[in-house]
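Since the structure comes first, as structure tokens, the remarks are kept for the end.
Derivation of every value follows stated rules applied to the coordinates shown; laboratory data play no part. Model, not experiment: these values are computed from the prediction. Neighbour counts run over all protein chains shown; Cβ positions are idealised from the backbone, glycine included.
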Amino acid sequence: MAQASKNSRVTSATQKFFCSCGGEVKMKTLFENGKVKNIAECEKCKRLERRPSDFK
Ligand SMILES: [Zn+2]
């Protein structure tokens, strides 16, 4: 009986988030006052949140 490789488990480094409108949330990098800032934006309704997990 064939066994699945122990390495076959996929590590979810790129987790997907979806907005309540159904659009996909993409991470964006902004530069503000010389600082790098990561924000999450919905592709569809352009809603902005500080983190992707805020889209709920
Ligand atoms: Zn949205």
**Q.** Charge context of ARG47, other residues only, Cβ under 14 angstrom, K/R +1, D/E -1
**A.** +2
Q. What net charge is computed for the residues neighbouring MET27, neighbours being all others with C-beta under 10 Å from the C-beta of MET27, Lys and Arg scored +1, Asp and Glu -1?
A. +2
Q: Work out from phi, with θ = phi - 60° and the Karplus expression 6.51 cos²θ - 1.76 cosθ + 1.60, the ³J(HN,Hα) of each residue of segment 37-54, listed in order in whole Hz, and give x for Gly and Pro.
A: 10, 9, 10, 10, 10, 7, 5, 8, 9, 6, 5, 10, 9, 6, 9, x, 6, 7
Q. What is the sum of charges around ASN38, taking Lys and Arg as +1, Asp and Glu as -1, for the other residues whose C-beta is under 15 Å from the C-beta of ASN38?
A. +2
**Q.** Listed peptides 27-37, 46-56 by packing density, highest first (mean Cβ within 10 Å)
**A.** 46-56, 27-37
